[in-house]
Amino acid sequence: FQYLKRHYQGCNLDTFWYRKESVEGSPAECLQQFLLHCGIADPSWSELRNFTCFLNVQLGDCEVSDFCNPVFVQDTLQGF
């Protein structure tokens, strides 16, 4: 949710790191972001769950990857 919210607001995600146990927004706002970004017009709860689980794993992997670390990469992969 933290990534989707910032992406929707047009923030630079290259320097953002997920803050575990940080509460942002309301449950309704969270659901709204999931519905907006999941890519399915009328998703079931199962489809939303699969979307969030997949996104969570991918973003977690991205955060620990040196290739996605702006300090390591600097500006060589801007926007990648």
Can you list which of the trypsin sites (Lys or Arg not before Pro) found in segment 1-64 are DSSP loop residues with at most 15 other C-beta atoms within 10 Å?
R19, K20
For the chain, find the longest principal axis of its Cα atoms and tell me its angle to the long axis of helix 45-64, 0 to 90°, nearest 10.
10
Where does helix 27-37 land angle-wise versus the long Cα axis of the chain, in degrees 0 to 90, nearest 10?
70
Tell me the accessible surface of D66 in square angstrom (1.4 angstrom probe, heavy atoms of protein chains only), to the nearest ten.
90
Can you give me the relative contact order of the chain as a percent, contacts being Cα pairs under 8 Å and 6 or more apart?
30
Accessible area expressed per residue, the chain, with surrounding protein chains retained (probe 1.4 Å, Å²)
78
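With +1 on each Lys and Arg Cβ and -1 on each Asp and Glu Cβ, and nothing else charged, work out how big the dipole of the chain is about its Cα centre, in Debye to the nearest 20.
160
Working out 0.36 nm times the residue gap between E24 and E63, then minus their Cα-Cα distance, what length gain in nm do you get to one decimal?
Answer, rounded to one decimal: 12.1 nm.
Let me check I have the definition right: for the chain, take the eigenvalues of the Cα gyration tensor, multiply each by 5, take square roots. What are those semi-axes in whole Å, largest first?
So the equivalent ellipsoid measures 25, 14, 12 Å along its semi-axes.
The values are calculated or read from the model by the stated rules, or taken from the named source; none is laboratory data. Nothing here was measured: the structure is a model prediction, and the numbers come from that model. Note that we place each Cβ from the backbone using ideal geometry, even for glycine, and neighbour counts take in every protein chain shown. Only protein heavy atoms, including side chains, enter the accessible area calculation; ligands, DNA and RNA are left aside. Shrake-Rupley method; radii C 1.70, N 1.55, O 1.52, S 1.80 Å.
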